[in-house]
Each structure stands twice: as C-alpha cells, then as structure tokens.
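Take a look at the structure below.
Please treat every number below as a calculation from the coordinates, not as lab data. All values reported here derive from a predicted model rather than from experimental measurement. All Cβ positions, even for glycine, are placed from backbone atoms using ideal geometry, and neighbour counts span all protein chains on display.
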C-alpha cells in the first residue's frame, strides 16, 4: 500500500479526518484538486458542539481571539442558545479559510501528507485495498478511501453512491464585500419579495446573502456577477451597494439530498459529499467536521488491527441518522426563510412557542448539534450515548478537565470513585484507552454526574458505558468499541 487511508478533499471535513487519523498513528494522504486554498469561506462560525470538539483536541487557541455569542436562530426566529447551559458559546465571524488553515497546519504537524493540484479521475476497489487513479501522476493504493470532496463529490459519483432527495427550487446569492457599511442582520430577515442577511466579518468585510422569492436556480458555468447581487439587493432593500468592492461572490440553492449509505466497501463519504442542504444556521461545515471526528478513530482502529471491520459500520449507523435529522431541520428552516405570506402563520405560531423554555432548548439543541445521542447500549444512565460534558477534575492533586483527557484522541475510562476492581477489568485494553482515577469538582447538584461512579469515553467524547446504569458490563463495552482484549 502507498498509504493506509486516502482522503479526497482538503476542506474542513478532509483536514479534520486527516488530523484524527494521524493522531491515532495511521498514515494518510490527502488529495486536493486545487493547487492552493481558494480563500473562499462558505462557513463563518462554529456551533457549540464544534467548539467542544476543537477544545477537546486543544485547537481553540490557534484561532486567536474568537468572538462568541449566545444568539442563534431557527429559520430566522431568534433563539437564546444560553438556555443550553453549554460549556461554550457559538463562535461568530471565523471564516472557513481560517478554519482550513488551522486544520491544515495541524495535519502537517501530525505528519499527514497533503497533495495539492492532484485530481481524482477513477476508483477501483479490491478485496483488501482501493486504488485511486490520479490525473498526471502514478496511481495510489490504500486500505480505505474517504470522499470529503463536497456537494459535487467526484468520489460519490465514481463509487456509485445513491444520492436521493429534492432539487433546488430557489437560488440564493452570497457576496463578501468591502467599502460599504451595512447594519448587521445576523438572522435571516424576510422582506417583500425575498430574504436578506448581513454579517460583519473581520477586516472590514460584510457578508450579504440575498434570495428573491420565486426565482429558480440559474444555469451557470460560474458564479454570478456582483452586479447581479447588487441589483437584487437594491430591489429587496432599496439600498444601493453597487459601489462596494466584491471579495468573493457565489450562489447556492435549497437542494436537500442524503446518500443512502455512508460506506460502500472500502470507500466512505463524509461531510457535504454525503449530505447537501440549505446552509441554515451554518450547520453544514460543523456537521462535516463532526462526521470526520466520528469516523477517524474507528477507521484508525480497524487499520491498526485492534478492532474488527464492523466498527466502521457504526459510522453509517450513527451519522446517517444525524444526516436525516439535519435535512429535516434545514428543510423546515428553508420553508421559514424562503416562504412568502403563506408561511407567515407558521412563523407567528413558532415565534410564540419559542417563548416556552422547553421549545427554545429543543430547537437550540438541534441547531447546535447538542441533541445527538448514539445507540451505544442499553441502560438507564442519562449520559449513555450522549457527549460527555466538560468536567473539572482533581487528578492526584493536579487540576485538569475531561477535555484535557481527550487531547490524545484515545478512549478514556474515568474512575470517579477510586475503584481498583474496575480498573483491573480494563487492564487488557490499556494499549487503546487511558485509565484515569480522579475526583469531580464543582458539579451542579442537579447533574447526573453527582451519582456517577465511572464513565467510558470514546475518543470522540461520547459516553459508551457508565456506572451505575449500564445494562452491560465494562468488558463488553470495551470489546464493542475498542476491539478484543489484548
């Protein structure tokens, strides 16, 4: 094999996957068609869950002084994300180009090979390998190949993945502009004839998004001109921005599609290659990053031979369900954002419902990725299958946190009651997990952690076993998620 895993696409999903694989010691080559980063930034922030992920890998400081906010929205209806009581607030105004730069630098530090200017032209799968045919260079062979190459994925097409869904019915245009001052409208706003949004980005740049109701997607060979964007903006807002300097212009639609399977043999998909939708609330890039964090440690364990191939199948089982919920909530938001007067009663009712804390909490969790719970096994413990919340710990007189324990990308058995018997039962897996005895600090009286004796954390931070409350014992959970005992 030339490498263990080939990743196609050096966007957020592909670079995150490269980091996760290298963190686990697996060789990876990233193929990217572009000769250099485009500088374009479709995504401009992180949801609460992505902030947690970057924190647990120690990446947040690399983004510098991140502006955060507890303000969110669902289909243009304002939401207070503070009701979630999350560790972080959502990050605002972080261009995707910056995210890609941080992730590519980290991937390089870890030893990933990123080959730019290399276009995939074909894929051939064997019983124990996959071959990537690359334009103007020798073929590459690997154990697995993962398509992280976006909504128009070449990997998805070459490997024959089914991609059902609904086509785009409306075109929206995006422009990053300088030389004009506009009042921020961080949530989408309905105006007569369509919708508009304004976000202030670093460097004196404003991002505008505009959609004219009833205008179908145009057949284009490239992005729209800024003059087109300015014309629509003038019609909808009566504000002339034609004198502004465009930095980047693009167009997108409200298509909603999801592959029927995230894996076909030795070829897998992650990110927009697996799901496309209206980018409502910036969920696309964030879901893509989370796809890769779910897949990375599983694929690495199989490549290293410590876990059976069936572990990779749990990637589809877990993330396809997330993709379905993603499409459901973004399609609902699409109706609210792009609909006309006929949707006004729905907006009015939903606005009233958001006044109830339980409704706000549910919608905020959906939009932030905090509603995800995986089927890790039967039990009554409230944290089973959920992501472990941040927790301050005393570790042999030293203060640390749960996120610090996850820095290395390994599983963690966290013993909160100094149970020597429990630790001995995990000894045969210590080549794959860290066994840590610590005491919890500053736990809220209503938190389930008050009565928790121990938790088994997967490398992605989700709780695979907890005591008391799991209906299967610790060795069974270790075997299921980390492979047979050594």
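Could you order peptides 432-441, 415-424 by the average number of other Cβ atoms within 10 Å of their residues, highest first?
Working: 432-441: 17.2, 415-424: 13.4.
The most tightly packed comes first, giving 432-441, 415-424.
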Helix 226-237 axis, angle to the chain major axis (alpha carbon atoms, nearest 10°): 80 degrees
Centroid-to-centroid separation of the range 265-340 and the range 416-477 [C-alpha atoms, Å]: 27 Å
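Given the rule -39500 (n - 2.57) for each run of at least 4 DSSP H residues, summed and divided by the residues of the chain, what is its mean residue ellipticity at 222 nm, to the nearest 500 deg cm²/dmol? Show your work: numbers first, answer last.
Details: 12 runs with 146 residues, N = 486.
For the chain, the value works out to -9500 deg cm²/dmol.
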Distance between modelled label sites at residue 421 and residue 442, nm, 7 Å Cα→Cβ extension: 3.4 nm
Förster-model FRET efficiency, 45 Å R0, residue 183 and residue 324, C-beta, rounded to 0.05: 0.75
Residue 479-residue 261 pseudo-label distance in nm [points 7 Å out on the Cα-to-Cβ vector]: 2.7 nm
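Packing-wise, with mean Cβ within 10 Å as the measure, how do 298-306, 262-270 rank, highest first?
Working: 298-306: 19.9, 262-270: 23.8.
My ranking of the peptides, most packed first, is 262-270, 298-306.
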The range 9-86 versus the range 373-402: alpha-carbon centroid distance in Å: 22 Å
Residue 133 paired with residue 375, simple spin-label distance in nm, labels 7 Å along Cα-to-beta-carbon: 3.9 nm
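In percent, what relative contact order does the range 171-253 have, based on Cα pairs under 8 Å that are 6 or more apart in sequence? Each step should come with its number before you reach the end.
On the way: 162 pairs, mean separation 34.9, N = 83.
Across the range 171-253, relative contact order equals 42 percent.
Before anything else, pin down the relative contact order of the range 390-486: Cα pairs under 8 Å, at least 6 apart, normalised by residue count, whole percent. All intermediate terms of the calculation are to be shown ahead of the outcome.
On the way: 146 pairs, mean separation 28.0, N = 97.
Relative contact order comes out at 29 percent.
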Contour excess over end-to-end distance, with Cα ends at residue 486 and residue 62 and 0.36 nm allotted per residue: 149.0 nm
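If R₀ is 35 angstrom, what is the calculated FRET efficiency for the pair residue 69 and residue 404, using the beta carbon separation as r and rounding to 0.05?
Working: r = 25 Å, r/R0 = 0.73.
So the FRET efficiency works out to roughly 0.85.
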FRET efficiency, 1/(1 + (r/R0)^6) with R0 22 Å, evaluated for residue 101 and residue 33 via beta carbons: 0.75
Mean separation of Cα contacts under 8 Å (6+ apart) over length of the chain, as relative contact order %: 17 percent
Nearest 10 degrees, 0 to 90: helix 12-23 Cα axis against the chain principal axis: 20 degrees
With Cα atoms, 0 to 90° folded angle of helix 344-353 axis to the chain main axis: 40 degrees
